[in-house]
Amino acid sequence: MEISLDLRTYSNEIHSHKHDFHQLVLPMQGSLQMSVDAREGEASLQQVAVIKAGAEHGFSAQGENRFVVADVPEFLAPQLAQLPAYIGVDEALGHFIQFVASRLQSNQGAGIKDAAGERQMLLLLLQLLQERQGIEARADKRIQSACAIIEQDYALSESVEGLAKQVHLSPRQFTELFRRQTGLSVKQYIIERRMQQAWLLLHTSSDPIQAIAASVGYVDQGAFSHRFKAQFGKTPSQVRQSHL
């Protein structure tokens, strides 16, 4: 199955089931009373619900409600298995959920299914959820430091050797540990994070595309557009136009 992001409403009837994919239930309006593996709680404006693959869960709603629901194949996001069933919503997470909801509403209104955009929104959402639960703190501190160096300035071109030296590892040790921790090579991680940042800036800022390209390390706008399209299936101009 593919990643799916949808806007859903629920009835007041009690339902119970399980499925072989992870699911996130993110609040927009109202609340959903839930039981996830016998843990009682709710998805509301104050907290999101995380349903792990295979978890038995029951749910029912009261009154008007609307949620962003993400269905995520287990193999694409194993880190979801580390999250608790319910996570509090702070201001930053709440704003991002509203941003995701607005993009889904806009796409639905235009009859568009933006699979690449949904994937990036989900990746950013997972990052926010992990940060709030301190999962990054349980990662190897040296790899965490390397990721922080990369994300301090996406325009910098750090070599594997340079990053390894800064975190006191040999290049071989660093590349092996980095892949184990992130599931990506250093180069893949840098490209992924640069493209995520570019995608976010195209949606949330009015900066010229050339400036966005430069901010994520691309002097040549043509090379940036080529990489962006390879990642998302659309050029930066097409993404910017769809956001206007």
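The values are calculated or read from the model by the stated rules, or taken from the named source; none is laboratory data. Here the structure is a predicted model, which is why all the values come from computation and not from measurement. Reconstructed Cβ throughout: ideal geometry from the backbone, glycine too, with neighbour counts over all protein chains shown.
Taking the numbered list (1) at pLDDT below 80; (2) in contact with a helix residue (DSSP H, G or I) (Cβ under 7 Å, 6 or more places away or on another chain) in turn, residue 121 passes all entries but (1).
Of all positions in the range 154-164, at least one carries a residue that is surrounded by 14 or more Cβ atoms within 10 Å (Cβ to Cβ), closer than 27 Å to residue 187 by Cα, touching a residue at least 40 places away in the same chain (Cβ under 8 Å) and not assigned by TED's automatic domain parsing to the domain that holds residue 39. Determine if the range 98-113 includes at least one residue that is surrounded by 20 or more Cβ atoms within 10 Å (Cβ to Cβ), aromatic (Phe, Trp, Tyr) and either part of a strand (DSSP E or B) or outside the structural domain of residue 181 (by TED's automatic domain parsing) (or both). Within the range 98-113, none of the residues are surrounded by 20 or more Cβ atoms within 10 Å (Cβ to Cβ), aromatic (Phe, Trp, Tyr) and either part of a strand (DSSP E or B) or outside the structural domain of residue 181 (by TED's automatic domain parsing) (or both).
Residues are listed down the side, and each one gets a yes or a no for (1) over 23 Å from residue 2 (Cα atoms); (2) over 25 Å from the mean Cα position of the chain (by Cα); (3) buried (at least 19 other Cβ atoms within 10 Å of the Cβ); (4) modelled with pLDDT of 90 or more:
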position	(1), (2), (3), (4)
18	no, no, no, yes
35	yes, no, no, yes
48	no, no, yes, yes
67	no, no, yes, yes
73	no, no, no, no
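Considering the range 209-244, and only residues there that are outside any helix (DSSP H, G or I) and at pLDDT below 85, the residue that is farthest from residue 120 (Cα to Cα) turns out to be 244. Residues considered: 130, 173, 188, 197. Of these, the only one that is surrounded by 15 or more Cβ atoms within 10 Å (Cβ to Cβ), outside the structural domain of residue 47 (by TED's automatic domain parsing) and assigned to a helix (DSSP H, G or I) is 197.
Among the residues making up the range 200-220, those that are surrounded by fewer than 17 Cβ atoms within 10 Å (Cβ to Cβ) and free of Cβ contacts under 8 Å to residues at least 60 places away in the same chain are 205, 206, 207, 208, 210, 211, 219, 220.
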